[in-house]
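The numbers here are math on the coordinates, done by the rules we state, and not lab data. What you see is a predicted model, and the numbers here were worked out from it, not measured in a lab. Every residue, glycine among them, receives a Cβ derived from its backbone with ideal geometry; neighbour counts consider all protein chains shown.
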Amino acid sequence: MRSKILFFLIFFTSVNFLFSQQNYNNLFEKKVKNSYSQFTREKNFNKAQLFFLEKNWDSTLVYSMKQLSSDKKKSELDNYCYFFRGVSFKEKRILNEAKNEFSKISKEFEFYKTVKNFLGQIALEQNEFKKAIDYFKEFENFPETNSFNIKKGEVNHNLGICYLHLNNYEKAELYLLKSTKIQEKEKDTFLLIGAYGDVANLYYNQYKDNLAIPFFEKAYLLSKKVKRYDLKKTTALNLAIVEENRKNLEKSIFYRKEAEKWNDSLTDQNKIWALAEVEKKFAVRQKQKEIEVLQVKNEIRETQRNGLFIIALLLLCIFGIGVYFYLQKIKKNKIILAQKENLDELNATKDKLFSIVSHDLRSSVNTLKSSNSKLMLNLKSNNYEELDGLLHKNAVVANSTYNLLDNLLNWANQQTDQIFFQKESLHLFSVIKQVEYNYKPLVLEKNIELKIEIDKNTFVFMDLDSLKIILRNLLDNSLKFTNENGVISIFTQDYSSEYIQLIIEDTGIGMSDAVIKELLQENTQLSKKSNKETIGTGLGMQLCKSMLLKNEGKLNIESQEEIGTKIILFLPKYTTNE
């Protein structure tokens with residue numbers, strides 16, 4: 001029975017104290033107003049901060065999101081918007097969203113200490129007491145007068161509550177008594193009632209009734225000075241439970257009757273508030289009807305006024321229609337001309353593609369044909385050493401031809417919108433190991449050292465098939481242009497909160513600056529590679545760039561001739577929001 005009573009007391013004092021955290025001091029509000037003065041031209045931001053200071057949380061969320069969605073990006077302004085949103089979600093009791101918004105604020109933000117204090121309060125409300133202690137400990141020796149709205153008494157109280165929930169009564173007593181002394185000096189009645197209740201509960205939980213009861217009585221006497229029926233009811237009910245445990249039934253009944261009286265008053269007050277709310281809604285509806293009537297009258301007046309211009313407008317409309325059709329004709333001619341030029345360019349690209357592909361296919365088939373003739377001759381003469389070399393050469397040609405056909409098929413599907421595209425969370429290390437498996441024979445044949453150093457905790461948000469196409473093409477290029485006994489390294493680097501860098505670096509023949517510039521241009525034309533021993537059209541790089549663009553990624557190339565090439569991919573990270 002006693003454990004249930006203690007649970008009720010803890011719940012009351014914690015909620016009452018946390019509720020007190022919603023007010024901001026004048027110094028804090030003044031600093032906010034001075035700080036946003038430099039963003040006077042940002043209308044959405046100005047509305048967001050005005051609603052924030054008015055504690056209109058829904059409107060704050062709307063206009064802060066509009067500001068964040070705009071093209072104008074300023075780190076300090078964004079910090080304020082995330083701060084407004086974090087506080088708004090906290091006040092609306094949407095705590096996980098509040099944590100998410102606070103986490104986006106940079107450490108250089110002027111009120112970052114206030115942010116950490118809020119995170120501590122959220123951790124306390126979510127019963128993450130050890131995490132809350134880590135936050136609040138940072139402000140334990142903080143000066144009482146500061147511009148971050150961090151009160152020493154409240155910090156000590158929060159620490160006391162955390163230790164009380166962790167059953168560390170010694171530390172809980174230390175911090176709760178510190179908090180009580182500070183709040184007695186500040187004469188904050190509401191907080192003091194809660195503080196007395198928490199101290200009383202601390203002692204009562206340890207069965208130190210002689211120490212607990214005076215604090216219960218202090219809270220009860222202090223509640224008589226306020227007009228909060230809920231506090232009066234709770235403090236009276238606490239004493240009723242205490243007296244009942246002491247077997248003093250006469251006093252227990254007295255306090256219970258008093259608690260019931262305050263409960264009735266609280267119920268009546270709630271009814272009055274509910275009635276006032278109904279009357280308010282009714283008044284609003286009446287006002288809306290009056291506004292609608294005025295709007296109708298204004299529309300009638302506006303219609304009468306506009307009637308004087310109808311004839312002139314008709315004449316202008318006839319003239320305008322003539323001009324419109326003339327302009328439309330010119331516009332259509334321009335569109336037709338642009339479409340013709342675009343079609344000619346596409347046809348030229350298509351013809352060039354088929355010309356290059358057919359040339360490469362013909363070359364590879366001729367190579368296989370010639371090689372097969374040699375195979376048959378060497379097979380008859382049992383020249384197995386020569387046979388082995390020819391078979392390996394055929395395998396390389398067949399693999400290159402297959403990759404060319406695969407890229408051609410993917411390119412054709414992309415041009416006709418036949419590729420199924422679905423972004424999802426992908427484990428980057430697993431995908432790279434799958435692609436690596438297909439190239440193991442070629443790696444072993446050329447005696448290339450393939451190093452894969454990928455963070456196994458890395459997840460990207462991309463389409464699986466398009467990611468595999470990108471990795472296959474880039475790895476194929478590295479193997480193709482890297483000589484025997486070379487090195488290919490695949491590794492990741494953390495780039496930002498949105499992107500992860502995936503780097504494919506080889507010690508191959510490299511590229512000139514002119515070739516890199518051509519490959520990175522958006523309108524890169526297809527062309528035959530200068531290396532006569534390889535099959536290449538530039539189609540693979542085109543596919544990589546288009547697939548990355550569709551996945552909201554980016555690509556960069558760093559290379560030096562005869563030294564090697566580094567392909568840098570910027571892949572979008574997977575986040576819980578997605």
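Some observations on this one:
- Listed from fewest to most Cβ neighbours within 10 Å, the set Lys247, Lys374 follows the order Lys247, Lys374.
- Fully extended contour minus Cα-Cα distance, from His427 to Lys329, at 0.36 nm per residue: 29.9 nm
- Percent breakdown of C-alpha pair distances by 10 Å bin, ordered from the shortest bin, for region 420-572: 10, 42, 37, 10, 0
- Label point distance in nm, Lys261-Tyr495, each placed 7 Å from Cα along Cα→Cβ: 7.2
- Spin-label pair Arg93/Ser512, simplified geometry with 7 Å Cα→Cβ offset, distance in nm: 7.1
- Full extension of the chain between Met65 and Tyr112 yields a length gain of 14.9 nm, computed as 0.36 nm times the residue separation minus the alpha carbon distance.
- Sorted ascending by nearby beta carbons within 10 Å, beginning with the fewest, Glu184, Glu484 become Glu484, Glu184.
- Theoretical gain in end-to-end length, Val296 to Met376 [0.36 nm per residue, Cα-Cα removed]: 19.2 nm
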